[in-house]
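First up is the structure itself, then whatever we jot down about it.
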Amino acid sequence: MYRNGESRVIGKVTHGRDAYSLLRYVADKEGAYQVGGNVAFNDPVNIAREFRRGQALHRTINRYVWHTSLSTAKDENLDNETWKKIAQDYLREMGFDKHQYVVYRHTDADHNHIHIVANRISIVDGSAVDDAWSKYRTEAAIRKLESAYNLQVVEPSRGKERKSPTTGEQRMQARTQTPLPRVVIQDALDKILPTITSPEDLKNKLKTEGIETRFRKRKDKTISGISFSYNGIAFGGGKLGKRYSWTRIQQQLRENQASLVTQERSQLEKVYQTLASKFSEKVDPQTRDILIACRLLKNGYSNKSVKRVLTQSPVIGRYKQSENYQRNKALRYIDTIYRKAQSAVARSHAKEVLQ
């Protein structure tokens with residue numbers, strides 16, 4: 001149910017869509033008790049209900065539950081007030097200034113740790129906390145917390161994710177005073193990976209940085225590995241660090257593509273709602289959809305674009321909410337609306353020409 005973004009330092013982050021199950025786990029575990037929060041209730045049922053009210057303000061986001069566990073070294077024992085302040089500082093660093101949250105401390109393990117459960121959707125204005133790169137942002141926040149609270153500093157997992165230059169490379173850099181190919185490639189990948197939408201996109205963007213990309217392929221033409229070269233020096237993705245392996249790049253691609261779909265759906269919904277608001281609520285849904293499609297066609301929208309906007313119709317929403325998603329009926333409905341709108345626009349145009 002939760003997508004794991006586990007950090008191998010002292011923080012662990014997950015995102016999910018089921019607030020109640022998570023809250024029941026962190027609240028009902030033996031030895032657990034609440035040490036902070038800004039919610040009006042202290043039981044999982046009502047806290048989850050509060051979170052859902054917030055989610056209603058931004059329905060395009062399904063994984064609205066943010067869960068972070070923070071733990072110290074085994075020989076460090078913090079009091080409840082300190083944990084409360086650490087949780088508040090962490091949430092502020094991550095952008096949860098206007099968001100619901102609750103903090104529980106667990107005492108069943110042999111090390112100090114807390115669980116922070118927060119709502120990514122603000123109950124104040126419906127804005128959402130970005131979940132991109134939450135693992136690395138959490139580690140950056142942890143570094144600040146270690147310093148602020150004088151905690152033992154643990155080497156961040158990014159050190160293993162991104163391999164440092166070898167002794168030989170460092171000597172070469174000192175001798176030549178030029179950037180190391182390893183570092184050039186790693187820096188370019190750090191900049192480009194959050195933006196890519198396909199392997200070809202990655203290859204083209206790296207080429208503009210002077211970096212060549214090679215894909216290793218299986219017999220069925222699927223990609224099984226990746227390597228990069230700069231100034232004639234090549235590295236396999238895994239040799240640069242786990243973050244640059246093909247497995248991790250594939251994961252990044254999936255996340256980027258999912259984010260694009262979410263953004264596009266939000267934009268389509270905005271276009272549909274803006275046009276729908278121009279018509280009386282007394283107009284039946286099908287007629288309203290035809291009028292919206294007419295307006296889009298007159299504004300120069302393409303066939304494909306009009307149909308994509310129509311996917312936000314409440315009629316389509318009802319098809320999707322049915323026990324078995326009636327996809328064929330939904331597609332036929334959109335095609336019917338489009339044809340009627342196209343015909344209406346054509347008749348209108350012919351009328352204008354005759355006049």
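Residue check: is D284 open to solvent by less than 40 Å² (accessible area, probe 1.4 Å) and of a type in the set (D, E, K, R)? Steps first, answer last, please.
On the way: open to solvent by less than 40 Å² (accessible area, probe 1.4 Å): no; of a type in the set (D, E, K, R): yes.
No, not satisfied.
Under the condition of being surrounded by fewer than 21 Cβ atoms within 10 Å (Cβ to Cβ) and of a type outside the set (K, R), which residue from the range 298-308 is nearest to T336 (Cα to Cα)? Show your work before the answer.
If we filter the range 298-308 for residues that are surrounded by fewer than 21 Cβ atoms within 10 Å (Cβ to Cβ), which is where we start, we get 298-305, 307-308.
Remaining after also requiring of a type outside the set (K, R): 299-303, 305.
Numbers: N299: 20, G300: 19, Y301: 17, S302: 16, N303: 13, S305: 15 Å.
Residue satisfying both the conditions and the ranking: N303.
Open to solvent by less than 40 Å² (accessible area, probe 1.4 Å) and on the phi > 0 side of the Ramachandran plot - does that describe any residue in the range 106-121?
No, there is no match, as no residue in the range 106-121 is open to solvent by less than 40 Å² (accessible area, probe 1.4 Å) and on the phi > 0 side of the Ramachandran plot.
Residues checked against (1) closer than 30 Å to Q267 by Cβ; (2) in a helix (DSSP H, G or I); (3) open to solvent by 40 Å² or more (accessible area, probe 1.4 Å); (4) among the hydrophobic types (A, V, I, L, M, F, W, C):
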{"residue": "I47", "(1), (2), (3), (4)": "no, yes, no, yes"}
{"residue": "E50", "(1), (2), (3), (4)": "yes, yes, no, no"}
{"residue": "G54", "(1), (2), (3), (4)": "yes, yes, no, no"}
{"residue": "S69", "(1), (2), (3), (4)": "no, no, no, no"}
{"residue": "A73", "(1), (2), (3), (4)": "no, no, no, yes"}
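Only one of (1) more than 22 Å from the chain's Cα centre (by Cα); (2) in contact (Cβ under 8 Å) with a residue 24 or more places away in the chain; (3) open to solvent by 70 Å² or more (accessible area, probe 1.4 Å) is not met by S277, so which one is it?
S277 satisfies every listed condition except (2).
Taking the range 92-138, which residues are assigned to a helix (DSSP H, G or I) and more than 17 Å from the chain's Cα centre (by Cα)? Spell out how you get there, then give the answer.
Narrowing the range 92-138 to residues assigned to a helix (DSSP H, G or I): 92-94, 134-138.
R92, E93, listed by residue number.
For the range 204-219, which residues satisfy the criterion of being open to solvent by 40 Å² or more (accessible area, probe 1.4 Å) and in a helix (DSSP H, G or I)?
Here is the first cut: in the range 204-219, the ones open to solvent by 40 Å² or more (accessible area, probe 1.4 Å) are 204-205, 207-210, 212, 214-219.
Matches in the range 204-219: N204, K205, K207.
With respect to T262, is the statement that it is among the polar types (S, T, N, Q) and out of contact with any Lys or Arg (no Cβ under 7 Å at 6 or more places or on another chain) true?
Numbers: among the polar types (S, T, N, Q): yes; out of contact with any Lys or Arg (no Cβ under 7 Å at 6 or more places or on another chain): yes.
So T262 passes the test.
So, in the range 182-203, exactly how many residues are without any contact (Cβ under 8 Å) to a residue 60 or more places away in the chain, open to solvent by less than 30 Å² (accessible area, probe 1.4 Å) and not in a helix (DSSP H, G or I)?
0
Among (1) over 30 Å from T82 (Cα atoms); (2) surrounded by 16 or more Cβ atoms within 10 Å (Cβ to Cβ); (3) touching a residue at least 12 places away in the same chain (Cβ under 8 Å), where does L151 come up short?
(1)
Can you tell me which residue within the range 320-346, out of those that are exposed (fewer than 10 other Cβ atoms within 10 Å of the Cβ) and assigned to a helix (DSSP H, G or I), is modelled with the lowest pLDDT? Write out each step before concluding.
Within the range 320-346, the first condition is being exposed (fewer than 10 other Cβ atoms within 10 Å of the Cβ), and the residues that meet it are 321, 323-324, 328.
Remaining after also requiring assigned to a helix (DSSP H, G or I): 321, 328.
Details: Q321: 73, N328: 83.
For the range 320-346, the residue satisfying everything is Q321.
Please state which of the following conditions F96 fails to meet, knowing it meets all the rest: (1) open to solvent by less than 20 Å² (accessible area, probe 1.4 Å); (2) touching an Asp or Glu at 6+ places or on another chain (Cβ under 8 Å); (3) under 25 Å from P194 (Cβ atoms).
(2)
Of the numbered conditions (1) open to solvent by less than 70 Å² (accessible area, probe 1.4 Å); (2) of a type in the set (V, I, T); (3) closer than 23 Å to R63 by Cα, T222 satisfies every one except a single condition; which is it?
Here T222 meets the rest and fails (3).
Would a scan of the range 255-269 turn up a residue that is aliphatic (A, V, I, L, M), more than 22 Å from the chain's Cα centre (by Cα) and assigned to a helix (DSSP H, G or I)?
Just the residues of the range 255-269 that are aliphatic (A, V, I, L, M), to begin with: 258, 260-261, 268.
Subsequent filtering for residues that are more than 22 Å from the chain's Cα centre (by Cα) retains none.
No, that holds for no residue.
The values are calculated or read from the model by the stated rules, or taken from the named source; none is laboratory data. Keep in mind that what you see is a predicted model, and the values were worked out from it rather than measured. Note: ideal-geometry Cβ built from the backbone for every residue, glycine included; neighbour counts use all protein chains shown. Heavy atoms of the whole protein, side chains included, go into the accessibility calculation; ligands, DNA and RNA do not. Shrake-Rupley method; radii C 1.70, N 1.55, O 1.52, S 1.80 Å.
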